[in-house]
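See below for the structure under consideration.
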Amino acid sequence: MLRIRTARPDELPALTTCPDDDERNAATAAYLSRLLENGCTRPEWCLVAERDGRLTGNVVLWTMPGRTVPMDIVLVEPGTPDTGEALLAYAAELARELGAQTQGHVLDGPAQAPQFQRDPQLREKLLADAGFTLARDGRRFLWTAGDPMPVQDERLHWRSLADVGETPFVELFADALTDTQDSIFQAEIAQHGLRGAAERNIADMLEMDHQPGWYEIGYDAADTPVAISMPARTPASAVIGLVAVARIGRGQGYATSVVARGTQVLVDAGAEEIRGDCDAGNIGMFKAFQRAEYHNFAHRKMFTRSL
């Protein structure tokens, strides 16, 4: 008989292990340890499937550090289809009881650290059957120490959030969202309007791990605000975070300038690996990462469901 329950302390952080896959087991356990340490998940959000005394699958809920309501499923090992179905149903029920109204999950390919999401076709079918829909077909980019440093744009000078306050960030981002090609942002605009979507995204970035002075607006020679750079850190790596270019600054390569600026800020802070994401349909951002010496290392599908 299949049973879904909270993982016991002695089962953390490994949860479900895979035979003859030491790399996956070590990487996933280390990742879950970091999530627990950073407050992105809690022991009571780590669920396992048990059959005849043996662990056959697991699912872990995730949120931004400091929040009490889970936002996403961050790790899932579905095992068999019936086990995966039961785990996703239990994850929905638990998140709903804790106050969540939606739930997300990302699927990266090819399978890689730290999640090692093998059997992508099974995973996609389970997500679809559980009510998830595709919210973004995305691409992931990577810069590592030893890669060429992107060239800084001398046309821009930068002022931090500490210097100018939050309002200019919201206003510039709302302007940038007017013709966004990003499906996630488009959905948020439809629900919250331009200003509301901008406010929500800036607020989310402020909750991410960052240092004072990292979040900046770039100004051109006429002292016009044209770009936003908001690099940050996650438990897995440093990230470029939020990139935005005002409509007045389009067509001048400023997206590449922002990626270059964020890269420099993070490298100065000790980062040896930096990641970035964009919608597959956002060709301008795709090219900006490439021009800033990043390479496309993964395909990321983002899924969501209402609870």
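Readers should treat all values here as calculations from the given coordinates under stated rules, not as data from a laboratory. Note that the coordinates shown come from a computational prediction; the quantities given were computed from them, not determined experimentally. So basically every Cβ, Gly included, is an ideal-geometry build from the backbone, and we count neighbours across all protein chains shown.
What the table shows:
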| item | result |
| --- | --- |
| Whole-number D in µm² s⁻¹ for the chain, Kirkwood Cα-pair radius fed into Stokes-Einstein, 20 °C, 1.002 mPa s | 105 |
| Length added when fully stretched, Arg54-Asp10, from 0.36 nm per residue minus Cα-Cα | 14.4 nm |
| Bridge type composition, region 2-131 - antiparallel percent by DSSP, nearest 5 | 95 |
| By average C-beta atoms within 10 angstrom, highest first, the peptides 7-20, 201-214 | 201-214, 7-20 |
| Semi-axis lengths (Å, descending) of the ellipsoid that matches the C-alpha gyration tensor of region 157-297 | 20, 18, 16 |
| Modelled FRET efficiency - R0 22 Å, Glu272 with Glu207, Cβ distances, 0.05 increments | 0.35 |
| Estimated distance in nm for a label pair at Leu2 and Asp179, the labels positioned 7 Å out from Cα along Cα-to-Cβ | 4.9 |
| Kyte-Doolittle mean at least -0.5 and Cα axial length at least 18 Å: DSSP H helices in the chain | 22-37, 81-97, 183-207, 254-268 |
| Debye intensity ratio in log₁₀ form over the Cα atoms of region 1-112, taken at each q of 0.13 Å⁻¹ | -0.45 |
| Added length on full extension, which subtracts the Cα-Cα distance from 0.36 nm per residue, Asp21 to Glu124 | 34.8 nm |
| Pairwise FRET efficiency - Ala221 versus Ala111, Cβ, R0 = 41 Å, nearest 0.05 | 0.30 |
| Contour excess over end-to-end distance, with Cα ends at Leu142 and Glu85 and 0.36 nm allotted per residue | 17.2 nm |
